[in-house]
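The values are calculated or read from the model by the stated rules, or taken from the named source; none is laboratory data. Keep in mind that what you see is a predicted model, and the values were worked out from it rather than measured. Backbone-built Cβ (ideal geometry, glycine too); neighbour counts: all protein chains shown. For the accessible areas, the whole protein counts, side chains as well, though only heavy atoms, and no ligand, DNA or RNA atoms are used. Shrake-Rupley method; radii C 1.70, N 1.55, O 1.52, S 1.80 Å.
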Amino acid sequence: MINKENTYKKIQNLLLNGKLSFNFNLASNTWLKTGGNADIFFIPEDVNDLRRFLKSIKNNLPFYILGAGSNTLFRDFGFDGAVIKLSKNFDYVKFINDKEFKVGAATNCIKLARLLAKNSATGLEFFSGIPGSIGGAIKMNAGAYGYETSKLLTKIKLLDSKDGKIKEILSKDYKMQYRHTNFPDEYIFLEATFKYIKNDNISENLKKINELVSQRELTQPIQEKTSGSTFKNPIHKKAWKLIQESGCKNYKLGKAHLSRIHSNFIINEGGATSNDIEKLGEKIINKVHQKFGIKLVWEIKIIGRKGLCQND
Ligand SMILES: Cc1cc2nc3c(=O)[nH]c(=O)nc-3n(C[C@H](O)[C@H](O)[C@H](O)COP(=O)(O)OP(=O)(O)OC[C@H]3O[C@@H](n4cnc5c(N)ncnc54)[C@H](O)[C@@H]3O)c2cc1C
């Protein structure tokens, strides 16, 4: 039997260096800007802080490791446990040599793409359109334009929350497929090593990125409150096409609707609840299934307590 009160007291007495909050609203920490409260929200200062925190909640409280929140929908009833977000101390890039660099798991992919281009490092330009963290990119095997995170990733340093040990793993020993990986949920990524291809023509490197960004601006509603692609593309099919062809293009629920620019993007037009978004997604899944017999699978991670809301 889980004794939450005792666990909370224990955590409060830990004298952690990071930022610890109780009953913390999660909306501002996700791109969709919806969601309820986490029992605990913790931003560890460093790995020792993280380790001590995890030790104190061991087996007593579930936890969710949050990156930039660009692929996460927290339900309105919040999260029964601890949400952990790595601090700025996990945001760094270190070049090892002319072929490899290390990057902290909290580093933003868009920022990284530009920094690499300016430092003659190419091959990861697709990161210029992915508003997540490196930790999130590894877990999701994020990708675009035929490139994926797995392509140049070689090693990952992580904290295994099961035994509290820091480990270094080789990415090739794990499955990293289209928006799916088999890394255990106990793994908290701390740092990654990537290969790169050296190109000292910096203006050419930046031009490549600017072209990708312009292309994206034309085809995706990147200024909106969204989580990017809502559903994964089924094999040999495009989710946006199935959605359009099944007549869901103008679907709306509460303050959530499908983007006019990209039918696989759900938008919070302001004031949407997570329930609006989840129910709209379910309505689309059902309609596409009725029309094509294909069950779309969420790409967005839906996290938290289920409860009855107005639209149920
Ligand atoms: C406008 C927009 C455009 C997008 N375009 C693309 C695109 O082109 N291609 C694409 O693939 N995705 C795209 N996405 C989706 C999203 O940006 C990616 O999935 C991204 O990799 C998620 O990173 P995050 O840090 O935001 O992850 P979060 O949403 O915070 O978390 C996602 C998953 O990663 C895990 N995670 C996060 N950090 C860690 C860590 N340190 N250790 C272990 N696990 C961790 C979480 O537990 C969760 O399971 C887009 C999203 C938006 C809003």
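Structure above, values below:
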| quantity | calculated |
| --- | --- |
| Amide H contacts under 5 Å for SER227, placed H, 5+ residues apart | ILE266 |
| Spatially proximal aspartates and glutamates relative to LYS225 (Cα-Cα < 15 Å; intrachain offsets below 8 disregarded) | GLU217, GLU269, ASP276, GLU278 |
| Entries in LYS207/LYS232; LYS255/LYS283; LYS85/LYS139; LYS241/LYS291; LYS118/LYS172 that, when Cα-Cα distance is taken, lie over 22 Å | LYS207/LYS232; LYS118/LYS172 |
| Percent accessible area from carbon and sulfur atoms, the chain, protein chains only, probe 1.4 Å | 50 percent |
| Karplus-derived HN-Hα couplings along region 105-121 (A = 6.51, B = -1.76, C = 1.60, θ = phi - 60°), whole Hz, x at Gly and Pro | 5, 8, 5, 6, 5, 5, 4, 4, 4, 5, 4, 5, 4, 6, 10, 6, 10 |
| Globularity index of region 1-69, i.e. its alpha-carbon radius of gyration over 2.2 N^0.38 Å | 1.13 |
| Pairwise FRET efficiency - ASN210 versus ASN17, Cβ, R0 = 41 Å, nearest 0.05 | 0.55 |
| Value of Rg/Rh across region 190-312 [Cα atoms, Kirkwood radius] | 1.08 |
| Phi to ³J(HN,Hα) by Karplus 6.51 cos²θ - 1.76 cosθ + 1.60 over region 291-306, Hz, x for Gly, Pro | 6, 10, x, 10, 9, 5, 10, 4, 8, 5, 7, 9, 10, x, 5, 8 |
| Dipole magnitude of the chain, debye to nearest 20 (Cβ charges: Lys/Arg +1, Asp/Glu -1, about Cα centre) | 380 debye |
| Calculated over region 91-215: convex hull of Cα atoms, volume per residue (Å³) | 92 Å³ |
| GLU278, GLU217, ranked by accessible area, largest first (probe 1.4 Å) | GLU217, GLU278 |
| Student exercise, region 243-312 dipole from Lys, Arg, Asp, Glu Cβ charges, in Debye to nearest 20 | 80 debye |
| Alpha-carbon centroid distance for the pair region 90-163 / region 27-76, whole angstrom | 21 Å |
| Calculated Rg and Dmax of the chain using C-alpha coordinates, Å | 20.1, 61 |
